[in-house]
Amino acid sequence: MGEASVEEMVEQEDIMALQSRYQSLDAKRRVALDKLLDIKGSIRVFSRIRPFKSAENWRNSLPISVETDKIKVKSLGSKKEFIVDRGFDQNSTQEDVYKEVQPIIKSAFDGHNVCVLAYGQTGTGKTYTMEGVRGNPGIVLRAMEELFREITQEKCEKYTLTMSMLEVYMGSLKDLLALKQHPLRMDPATKSISIMARTSGTVEIEGLTDAEIMNFKQATSLYNKGRRARVTSSTNVNETSSRSHCLTRIIVRDGEKGKVVSKIWLVDLGGSERLLKTGALGQTLDEGKSINLSLSALGDVIAALKQKKHHVPYRNSKLTQLLRDSLGEGSRVVMIVHTSPSEDDLLETICTLTFAKRVRSIESNRELSEETKKIRQKRIAELDHITKEAEKELQILKVQIEKAESSIREKNQAQFADGSPRSPLVLEHVEFAEISQHAEKIMKKLGPKVKPHSMAPTESSKQRQSATGESIQKLRNSKFGHKKNLNFLGSHSLSVTGPFNLKSKSVDQGARRGSHSTNGPTVRNILPQHRRRTSIC
């Protein structure tokens with residue numbers, strides 16, 4: 001075995017060792033992340049307060065204040081506290097919010113269904129948190145970018161993504177990615193969509209568009225198309241109030257088997273508010289009632305799941321039916337409740353935080369002791385450190401594996417360039433021409449008399465050549481006499497004039513008349529079954 005082959009084997013073994021280390025470390029990271037999310041809770045509640053609007057009056061003393069895991073509200077001389085998993089004040093950024101959501105999005109590759117919901121009063125920034133604005137995207141687009149980044153790091157063929165968008169409007173479902181019936185209409189075509197709950201606990205939505213997304217740019221384009229088709233209307237609280245629930249679903253599939261790995265639901269819920277304050281009438285009033293009923297049903301489902309009740313009332317709303325397999329056991333759920341800092345919205349803020357408290361209610365119906373909280377926070381910090389360190393080392397290992405594989409490819413290419421032997425099946429036309437020219441040069445050097453053994457005449461071929469020569473000589477003598485200047489075999493060559501003209505691809509006129517024109521004497525050779533003319537060129 002050559003030195004180069006031994007070196008290549010060593011490099012391949014090094015790559016296998018790196019890949020084995022990568023798989024082991026990735027498994028360790030997944031275990032740590034699962035434990036971390038389990039300690040934090042499978043259903044987590046965040047709170048975000050929007051900044052003041054320019055038209056709002058604000059004071060130095062705000063009615064609502066935010067701590068890391070606590071929201072304090074001053075109302076009519078009294079103070080109320082609401083415990084949350086994470087609080088975001090007016091100065092929090094989109095990046096700050098997404099950092100808390102990011103580990104949950106990543107857990108989708110570990111087989112966990114994920115559900116992120118934006119809840120709150122109309123005009124408190126739910127759509128901003130989920131959609132964002134140009135140059136400052138929200139959770140939906142950041143999550144999509146995260147998914148494609150993870151897939152790229154996993155070498156792209158392991159997972160595929162599909163995307164769907166639908167709207168729950170007054171109890172009916174509308175496909176936001178369906179083709180339009182008319183090019184001038186913004187509303188998508190009406191499609192029959194039905195929800196099918198399987199005995200396995202999974203949910204299938206028949207008739208819903210499920211578009212494969214190949215890259216982040218395509219996903220962004222589809223998302224923008226869907227959100228533009230959403231129903232909005234003006235109320236006393238918000239000029240462009242969302243009058244429906246908008247759900248974006250991303251399905252992660254195994255690229256080879258096509259099996260569903262997980263589902264991710266990113267939900268911008270309709271605004272919850274007191275109908276009296278909105279000044280809604282007619283259809284807008286009905287829309288508000290429908291939104292509040294479905295939000296109440298969602299609260300009932302989450303409360304039942306937290307309390308581990310035997311019966312969970314999924315069927316009370318289309319919204320909860322859709323989210324059934326992404327709210328239950330093994331799923332990761334985040335609800336971000338949005339509130340206003342304005343004193344005018346204080347009652348709505350208290351209602352929203354009361355809903356959050358209900359969702360977050362602990363199974364034992366009591367708060368943890370301070371000592372237990374400290375132990376819990378310490379364990380969370382340890383697992384968070386393990387997860388982050390593992391992710392850093394995984395990035396280093398990826399770079400090392402890519403460099404090693406690139407080195408082997410470059411060496412193989414260099415060997416081919418230096419003329420290493422290859423199979424004749426992959427030789428190009430130019431290479432065959434070069435080989436032929438080289439062979440001709442060798443034959444010339446050997447001399448005209450030297451021929452390959454395969455070209456040497458056999459006894460039977462010698463007899464045929466002798467008989468043919470004698471026959472031709474007899475014919476020549478009978479036609480032209482013994483003319484020595486007609487060296488038939490030496491100075492002239494035989495050519496057959498056929499009935500087809502190769503240039504014009506038409507039947508030769510001479511052949512039609514039964515005669516052939518030649519430039520020299522014609523010899524008629526009698527052959528069995530047919531007659532053929534030959535001419536001396």
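The sole residue among Lys79, Lys99, Lys126 that is in contact with a strand residue (DSSP E or B) (Cβ under 9 Å, 6 or more places away or on another chain), surrounded by fewer than 21 Cβ atoms within 10 Å (Cβ to Cβ) and in the same structural domain as Leu222 (by TED's automatic domain parsing) is Lys79. Residues in the range 98-116 that are in a loop (DSSP other than H, G, I, E, B) and out of contact with any helix residue (DSSP H, G or I) (no Cβ under 7 Å at 6 or more places or on another chain): Gly111, His112.
Do we find that Leu397 is at pLDDT below 90, part of a helix (DSSP H, G or I) and within 30 Å of Gly77 (Cα to Cα) in this structure? Step through it out loud before you land on a result.
On the way: at pLDDT below 90: yes; part of a helix (DSSP H, G or I): yes; within 30 Å of Gly77 (Cα to Cα): no.
Taking the combined requirement at face value, the residue does not satisfy it.
Return yes when Ile139 is at pLDDT 90 or above, aliphatic (A, V, I, L, M), over 19 Å from Ile251 (Cβ atoms) and crowded, with 22+ Cβ neighbours inside 10 Å and no when it is not. Criteria not met by Ile139.
Filtering the range 122-136 down to residues that are outside any helix (DSSP H, G or I) and of a type in the set (S, T, N, Q), which residue is modelled with the lowest pLDDT?
So the residue we want is Thr122.
Considering only the range 156-176, I want to know if a residue exists there that is at pLDDT below 70 and assigned by TED's automatic domain parsing to the domain that holds Gln283.
Looking through the range 156-176, at least one residue is at pLDDT below 70 and assigned by TED's automatic domain parsing to the domain that holds Gln283.
Applying the selection to the range 325-340, what residues are more than 21 Å from Ser272 (Cβ to Cβ) and either among the hydrophobic types (A, V, I, L, M, F, W, C) or buried (at least 19 other Cβ atoms within 10 Å of the Cβ) (or both)?
Hits for the range 325-340 are Asp325, Ser331, Arg332.
The condition of being in contact (Cβ under 8 Å) with a residue 12 or more places away in the chain, crowded, with 19+ Cβ neighbours inside 10 Å and basic (Lys, Arg) holds for Lys40. Against the conditions (1) of a type in the set (Lys, Arg); (2) modelled with pLDDT of 75 or more; (3) more than 19 Å from Leu319 (Cα to Cα), Lys180 satisfies every one except (2).
Is it true that some residue in the range 107-119 is surrounded by fewer than 21 Cβ atoms within 10 Å (Cβ to Cβ) and either of a type in the set (D, E, K, R) or touching a Phe, Trp or Tyr at 6+ places or on another chain (Cβ under 8 Å) (or both)? Within the range 107-119 (the criterion being surrounded by fewer than 21 Cβ atoms within 10 Å (Cβ to Cβ) and either of a type in the set (D, E, K, R) or touching a Phe, Trp or Tyr at 6+ places or on another chain (Cβ under 8 Å) (or both)), the answer is yes, since at least one residue qualifies.
Mind listing just one residue for me: the one in the range 228-248 that is at pLDDT 85 or above and crowded, with 19+ Cβ neighbours inside 10 Å and, of those, farthest from Leu173 (Cα to Cα)? The selected residue is Thr248. The number of residues in the range 247-264 that are under 12 Å from the mean Cα position of the chain (by Cα) and part of a strand (DSSP E or B) comes to 5.
The values are calculated or read from the model by the stated rules, or taken from the named source; none is laboratory data. Given the structure is predicted, the values throughout are model-derived calculations rather than measurements. Note: ideal-geometry Cβ built from the backbone for every residue, glycine included; neighbour counts use all protein chains shown.
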